[in-house]
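Shown next, in structure tokens, is the structure this report addresses.
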Amino acid sequence: MPMHQVKLLSLLLLSLVTLCYHSTACHVTDREALLTFKDGITSDPFGILSSWNRTGDCCTNWAGISCNPATGRVTSLNIPAMTDAIDAYLEGTLSPALGMLSHLSVLRIVGLKKISGPIPPSLGSLTQLTDIALSANNFSGSIPSSLWGLKNLKRLLLSSNNLSGYLPEDIGMLRGLVYLDLSNNQITGTIPQSIGNLTSLSVLDLIQNNFSGNIPVSISSMTSLRFLRLSKNHLNGVLPESIGSLLKLETISLFDNSITGNIPSSIGHLPMLREIYLSDNQLTGKIPSTIGNSTKLLTIDLSSNNLSGPIPQELTQLHDLQTLDLAFNPLEIHTPPAWLGNLGVFRLSLAGTGITGPLPEWLQLAKSLTILDLSSNSISGTIPNWIGSITGLEYLNLAHNALQSTIPTEFRNLVNLMELDLSRNNLSGPLRAVLEKGNSGLFGGFKTLNLSYNSFIGGIPEDIGAMEELSGIEMLDFSYNPLGGTIPKSMKNLNSLKEVRMASDGLSGEIPIGLLDIAVMTEFDVSSNQLTGRIPKHSRPLPADGFKGNPGLCGEPLPPCKQN
């Protein structure tokens, strides 16, 4: 072998030896701590920890473990390791021995569903921790107070467990915290004033707990906050005016609480704001006109409050607005302003806002609409021919109004419509005008259709089971219409039907064989008709109430038929 090749080979061998020398094996203390943790796992059906054994090096051979190569100390514990099983889980508890991993900076045990018991206080001794993620498990008890002393902690994610107790004032010690997610637990008490000390916090997510009391005024000090999520709690008091000082705020989510008072005008001082969710509270007063200054807004949801009108025209400054939901507020707007048609929103809900008179003509110009909800108002007159010009509609709800007309021919132009509710009006004519709506191919077939409590006549079309627009329908409600006729045999071909309601429709004849065998059906109501004969045998349990009021019907779940 030539000398230069010998020298090159020697260098390669030396490099390999040096690399092996510097890659220290797993430290014995950490190895034993991890094996003790594994001993606390009583079930591992997906083999998540199958590589953890005494013969392998935990730094190089154990799934989910990372080490410092110079010291062999474990720095990251990330379970589950890569798995193709969506429903993978571990069953057992979290061993206090993890507190012996003194060099650990990342602890991530997420989505394993059946790991239960308390979070061990010994984790508070891991002073190098920057990330704790224990979400989507079954941990219970209080959050150890020892965690609040982890000065290097950046992310604390404990969502979707069964944690209880309360947040102590000590939470304010985590001044370097960037992300705090305690959502979907059972934590009680008030949000401590000391939370204002978390001036580096970007995400505060406490959704769906049992917090009560006021939103702390100290929140105004959290100047790094981008996402404020406090929905689905029992918070009361007012929304502090000082919220306007959180200039980086992008999302305000406070829906489903008991917040009172006015929406602060300072909300218009937030230049980065994109989403406002304040629905299902007890807010009063007017919608502040300053809201038009937050020009990056995409979503405004103020539904189900006690807000009064008018709707501020400054909303026209929000050129990126996609969703406007003001439903179920006593706005008493009577005639919605025509400028709403120029907003360019995709989703508009003005249900229960006191609209009277005919459907507003400016709707025919709102070509961007995909969702329109004007239900629970006093809209009268006819469904106009121009309704067919809003061709992007996917959801239309005109229920609980005073509309009186047949369905115009142009209705068939709503080729993208998938969910339609026209219930509780005085609409008339044959069903076919609705059922034979066109579709756009992949989309546009009905998913839900509610025509109940109207005056439709002419029976249910015999070919209903062959209509392309209904091939994927899941909910069908024709109840309380003077339809007459029989239940078509072809209806059994609508094999996506989950809910069928045809009560008080003047139906006669027998229930077709096969209709009750639709595999996904959970509700079938043909009560208060003139149906006769034996109820066809069916494998799925269906309540008797859905068949009552038909004197000629018999058989399971009604009393047995009399023998001839």
Checklist entry - The list [x] 56, 35, 24; [y] 42, 26, 22; [z] 45, 31, 19 gives values of semi-axes √(5λ) of the Cα gyration tensor in Å, and only one came from this structure; which label was calculated from it? => result [x]
Item to check | J(HN,Hα) series, segment 176-185, from Karplus relation 6.51 cos²θ - 1.76 cosθ + 1.60, nearest Hz, glycine and proline x | outcome: x, 5, 10, 9, 10, 10, 10, 5, 6, 9
Item to check | Cα shape, segment 35-123, gyration tensor, a/c 1.5 rule | outcome: oblate
Item to check | Largest-first ellipsoid semi-axes for segment 111-210, taking √(5λ) over the Cα gyration tensor eigenvalues, angstrom | outcome: 19, 16, 12
Checklist outcome for this item: Expressed per residue, the solvent accessible area of segment 301-369 in Å² (1.4 Å probe) is about 40 Å²
Checklist entry - Which value, in Å², gives the accessible area per residue of segment 54-195 when a 1.4 Å probe is used on the protein heavy atoms? => result 41 Å²
Checklist outcome for this item: In segment 399-473 the accessible area split gives carbon plus sulfur, as whole percent at 1.4 Å, a share of 50 percent
Checklist outcome for this item: One point scatterer per Cα, no solvent, Debye formula: log10 I(q)/I(0) for segment 50-178 at q = 0.11, 0.17 Å⁻¹ comes out as -0.39, -0.94
Checklist outcome for this item: Taking Cα atoms, the helix 28-39 axis meets the longest principal axis of the chain at an angle in degrees (rounded to 10) of 30 degrees
Checklist outcome for this item: Share of accessible surface on carbon and sulfur in segment 80-170, whole %, 1.4 Å probe and ligands ignored, is 54 percent
Item to check | Stretch gain in nm, segment residue 406-residue 51, where the contour uses 0.36 nm per residue and the Cα spacing is subtracted | outcome: 120.9 nm
Item to check | 222 nm mean residue ellipticity, helices alone, for the chain (DSSP H n ≥ 4; -39,500 (n - 2.57); rounded to 500) | outcome: -2000 deg cm²/dmol
Checklist entry - Percent of accessible area on segment 173-270 owned by carbon and sulfur, 1.4 Å probe? => result 50 percent
Item to check | Per-selection Kirkwood Rh - segment 219-265 (Cα, Å, 1 d.p.) | outcome: 11.2 Å
Checklist entry - What does the convex hull of the Cα atoms of segment 199-301 come to per residue, in Å³, rounded to a whole number? => result 79 Å³
Checklist entry - Using +1 on the beta carbon of Lys and Arg, -1 on that of Asp and Glu, and nothing else charged, what's the dipole of the chain about the Cα centre, debye to 20? => result 1140 debye
Next on the checklist: As a test of reading the structure, rank 415, 217 by solvent-accessible area (1.4 Å probe, protein chains only), most first.
Outcome noted: 217, 415
Next on the checklist: Nearest 10 degrees is fine. How inclined is helix 3-22 to the longest principal axis of the chain, computing both from alpha carbons?
Outcome noted: 70 degrees
Next on the checklist: As a test question: what accessible area, to the nearest 10 Å², does residue 432 have when a 1.4 Å probe is rolled over all protein chains in place?
Outcome noted: 80 Å²
Checklist entry - Which whole-number value in Å² is the accessible area per residue of segment 449-549, probe 1.4 Å? => result 42 Å²
Checklist entry - So what is the relative contact order for the chain, in percent, with contacts set as C-alpha pairs under 8 Å and at least six apart? => result 4 percent
Next on the checklist: What whole-number distance in Å separates the alpha-carbon centres of segment 350-382 and segment 491-507?
Outcome noted: 29 Å
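The values are calculated or read from the model by the stated rules, or taken from the named source; none is laboratory data. The structure displayed is predicted, hence computed values, not measured ones. FYI the Cβ positions are ideal-geometry reconstructions off the backbone, even for glycines, and counts take in every protein chain you see. SASA here: full protein model, heavy atoms, side chains in, ligands and nucleic acids out. Shrake-Rupley method; radii C 1.70, N 1.55, O 1.52, S 1.80 Å.
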